[in-house]
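Quick one: this structure, given as structure tokens, is what I'll be asking you about.
The values are calculated or read from the model by the stated rules, or taken from the named source; none is laboratory data. Computed from a prediction, not measured in an experiment: that's the story for all the values here. Don't worry about glycine lacking a Cβ; one is built from the backbone with ideal geometry, like all the others, and counts go over all protein chains shown. Keep in mind that these areas ignore ligands, DNA and RNA; they rest on the heavy atoms of the full protein, side chains included. Shrake-Rupley method; radii C 1.70, N 1.55, O 1.52, S 1.80 Å.
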Amino acid sequence: MIIKISGMHHADDIKEASLLGVDLLGFDFIPQSKRYVRMISSQAGIIPDFSEERLRTLSKHNNNLQPHSRRISRVGAFADDMPQNIVTRVYNYDLNYVQLNGDEPAVTLENLRRTIDPDIQKSIRLIKKINISSIADLAKTTEYEGNADLLLFHITAEEAEYQATGDKNSPLNQLLSVYSGITPFLISKPNAPFDTLLIKDIAHPLFAGIDLDTQFELENGRKDMVALKSYVEAIRAFR
């Protein structure tokens, strides 16, 4: 099962998260976010901004850097952003995934993949986030079939406050059972994380994993790594 930790911002948290055995680390490139990852200004309108990581690489001419070697895949989160901004960050942060959190239509995903793969990042993968406040919202997934590699269901419905039942008829399973698409999906919800036993009971065959966002934050972008470690270990124990 995929475990994704979003909103990474501090270097020490990133290092610790890398030791937990999670699969994806998410970085927020949405300017309105309090966890926004800023780039260094190039001080020139015709030259794109760049990341500290890319600056170190260029300044040292480090040809031995192997960005894909033994590191967790990186996800960049965007919302209704300009394609050039997304492409620049895919390059500078060596992103493996682009996650779209806004009202982007399916054609945006199609165009991004064509632009980025293979020249900027070979085999780039795309995630489309969909807010689920009712069963009817699951109908929105149809548009993205064939364009998204993963869907992210951010469940804000009242039914999201589930209790573990020990069976396959939980309200969460009833909600997810309505999804009849072919694209694997992650789930997330506001505030507290899903109960680990509830996750164990999820029966949908396309359930691929969970996204932990603000649930383990001590403050904006600062993670409670002790609590996060315990939760990840509990999930790994049965998946």
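Using the per-residue mean of other Cβ atoms lying within 10 Å as a proxy for protection, in what order, highest first, do the peptides 82-91, 30-39, 204-213 fall?
Highest-to-lowest ranking by the protection proxy: 204-213, 82-91, 30-39.
Using a simple spin-label model with points 7 Å from Cα along the Cα→Cβ vector, what separation in nm is obtained for Asp80 and Leu206?
Placing both labels 7 Å along Cα→Cβ, they lie 2.6 nm apart.
How much length, in nm to one decimal, is gained on full extension between Asp117 and Ser18, taken as 0.36 nm per residue of separation minus their Cα-Cα distance?
Details: separation 99, 0.36 × 99 = 35.64 nm, distance 2.59 nm.
Length difference between fully extended and current span is 33.0 nm.
Based solely on C-alpha atoms, express the radius of gyration and the Dmax of segment 99-232 in angstrom.
15.9, 48
What is the total of Lys pairs in segment 83-234 with C-alpha atoms under 20 Å apart, excluding same-chain pairs fewer than 8 positions apart?
11
Then there's this: Within segment 99-206, what whole-number % of the accessible surface is contributed by carbon and sulfur, with the 1.4 Å probe and all protein chains included in the calculation?
Values: 2560 of 5210 Å².
Looking at segment 99-206 in its full context, I get 49 percent from C and S.
Moving to a separate point now. Provide the per residue accessible area, probe 1.4 Å, for segment 84-191, rounded to a whole number of square angstrom.
Details: 4980 Å² over 108 residues.
Roughly 46 Å² per residue, with all protein chains present.
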